[in-house]
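Only one structure is covered here, and it is reproduced in the block below.
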Amino acid sequence: MLSIVILAAGFGTRMKSQTPKVLHTLCGKSMIEYVIDESLKISSDIHIILFNQKEKIISYLKNKYQYYIIDKITFHVQLHDIYPGTGGAFMQENKELIPIKEDKVLVLSADSPMICADSLLPLLQSESAINIATFKTRNPSGYGRIIKEDNTNHVIRIIEEKDCTHTHKKIDEVNGGIYCFNKTILQHYIPLLLNDNAQKEYYLTDVINLFARDSQAIHDKGKNCQGIMACELSEKELMGVNTKAHLAIAQNLMLERVRHRAMLQGVIMDIPESIYLDSSVEFEGECKLENGVRIVGKSKIQNSIIKAHSVIEESEIISSDIGPHAHIRPQCNIQDSHIGNFVECKKAMLKGVKAGHLSYLGDCEINTGSNIGAGVITCNYDGKSKHKTIIGKDVFVGSDCQLVAPVTIKDRVLIAAGSTITHDIPQGVLAIARGKQRNIENGFYKFFDEKE
């Protein structure tokens, strides 16, 4: 069995933001959520170490996760003023290890959102006492170098950048910041950690170096000792996000992953790199996304075409074509409909509707067979409250009409172009609500003081 400790106590000063670093989002989801969700795939005992803005992070997560998931998470507040650093994150007041349930402990960072549960299996399946996720990079500057026995994956030591010799700096395999420990190792070595360094912090990597020293001594006596194993993962998965520049890079990596998953589900994408999808978007059936499409929130697209440069937010689209240049705002449900260019919808329930262009349909319900002409507006806000427009079946709304809510239009109604509708319309009528046209003879010449 496995316990997971997620480190989320840092100040994140390099992010230069009032928002806690781990709550910054990639594809609509906070970094710490990605780490928690992957953790829950392999463990039901999750520990999150907090300090900076702890109340905000706890409140955010309790709002995001249902109670039966939160019950699997234990929040710990690091005694940062006494025991700072990654090693201090594991310390209680007496320097003893924080309460952890299982015998194997996986340590993750809340600012490394790209990690996948499947990639962690080599660390978890190894019988070594300590397993370290490592990666190879062309630019190892700033990372701790992994020193291994010749031609093996057995780790002798981790050397921090500041302690590297010229030879060490040539090593391209570095510490990825993810570890799997036998709990007994942490119980023994956490109380032994010292903060005799320039930062006066307690480092978790010192547990590894202390254990490496002691295991070497045991080995020198001719006895067997479970050692330290390096497990190489991809540099992308182990990427840490510390600045907004890192955040932008991670966003692009996550977008690649989200788009690839959608295409494997059968979605056709024109110019995939131009398309933005939140990680929460769901697809079903045959769907096509043209270039420049943006779909966010818990949207669901089923058997539909979303045309170029359309935006869909928190809505469900079923067997419809949207756009180009349409804006579907939150809480829309659109079925069997055509929503054309420059049409904006919000809280719109549309079934079997045609709205070809240049309309605003907000807080409305429109039923099968109805046609909405160009320039139609549902006037849903009176300055204080929002009101609903209900349109029945087989209604034809002419161009440039204003439907002043609350208003109900029954089935099989024809509304003349340019009408302003302020009252309910019964079934089967022609409604005209516009000023009578007058043609004033010679009016042009009189207005401009010209002769005919």
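Assorted remarks:
- The chain, helix-only ellipticity at 222 nm - DSSP H runs n ≥ 4, -39,500 (n - 2.57), divided by all residues, nearest 500: -5000 deg cm²/dmol
- Phi-based couplings in Hz for segment 398-408 (Karplus 6.51, -1.76, 1.60; Gly and Pro marked x): x, 5, 6, 9, 10, 10, 8, 6, x, 8, 10
- Convex hull projection area averaged over all views, segment 146-207, Cα basis, nm²: 5.2
- Here the extension length gained between Glu452 and Asn291 equals 52.5 nm, from 0.36 nm per residue of separation less the Cα-Cα distance.
- Across segment 276-375, the fraction of Cα-Cα pairs farther apart than 16 Å, rounded to a whole number, is 47%.
- Residues of segment 302-325 with an amide N closer than 17 Å to a point placed 7 Å from the Cα of Asn341 along the Cα-to-Cβ direction: 306-311, 321-325.
- FRET E, pair Ile42, His325, Förster distance 41 Å, beta-carbon r, rounded to 0.05: 0.40
- Taking Lys and Arg as +1 and Asp and Glu as -1, the other residues whose beta-carbon sits under 13 Å from that of Asp278 total +3.
- FRET efficiency for His188 and Ile147, using Cβ-Cβ distance with R0 set to 25 Å, rounded to 0.05: 0.65
- Projecting the Cα atoms of Tyr60, Ile146, Tyr203 onto the dipole axis of the chain, where Lys and Arg carry +1 and Asp and Glu carry -1 at the beta carbon, places Tyr60 farthest toward the positive end.
- Convex hull volume of the Cα atoms of segment 244-431, normalised per residue: 101 Å³.
- Per the Debye calculation on the chain with a single equal scatterer at every Cα and no solvent contribution, log₁₀ I(q)/I(0) for q = 0.07, 0.08, 0.09 Å⁻¹ amounts to -0.53, -0.63, -0.72.
- Measuring r between the beta carbons of Leu264 and Lys64 and using R0 = 25 Å, the FRET efficiency lands at 0.45.
- Degrees separating the helix 54-64 axis from the principal Cα axis of the chain, which is the longest one: 50
- Using alpha-carbon coordinates, inclination of helix 205-220 to the longest axis of the chain, degrees: 30
- Antiparallel content of DSSP bridges confined to the chain, in %, to 5: 20
- Each of Lys388 and Arg434 was given a label point 7 Å from its Cα along the Cα-to-Cβ line. The distance between the two points is 3.0 nm.
- Helix 244-264 axis versus longest C-alpha principal axis of the chain: approximately 70°, rounded to the nearest ten.
- Residue among His246, Ser299, Gly340 farthest towards the positive dipole end of segment 240-364, charges placed on Cβ: His246
- Cross-link reach list, aspartates and glutamates versus Lys200, counting only Cα pairs under 18 Å and skipping chain neighbours closer than eight places: Asp81, Glu93, Glu160, Glu161, Asp163
- Taking the square roots of 5 times each eigenvalue of the Cα gyration tensor of segment 30-154, largest first, gives ellipsoid semi-axes of 27, 19, 16 Å.
- Kirkwood hydrodynamic radius of segment 370-430, Cα pairs, Å: 11.3
- Between Ala117 and Ser280, residue separation times 0.36 nm minus the direct Cα-Cα distance comes to 56.9 nm.
- Counting all C-alpha pairs of segment 2-237, share separated by more than 23 Å (%): 49
- Per-residue extension of 0.36 nm, minus the Cα-Cα distance of Glu256 and Thr13, leaves a gain of 84.7 nm for this segment.
- In the structure shown, the pairs Lys29/Lys54; Lys148/Lys183; Lys16/Lys101; Lys307/Lys346; Lys347/Lys410 are assessed against 25 Å; a Cα-Cα span above that value is assigned to Lys16/Lys101.
Bear in mind that the values in this text are calculations on the coordinates, not laboratory data. This structure is a prediction, so every number in the text was calculated from the model and none was measured. Reconstructed Cβ throughout: ideal geometry from the backbone, glycine too, with neighbour counts over all protein chains shown.
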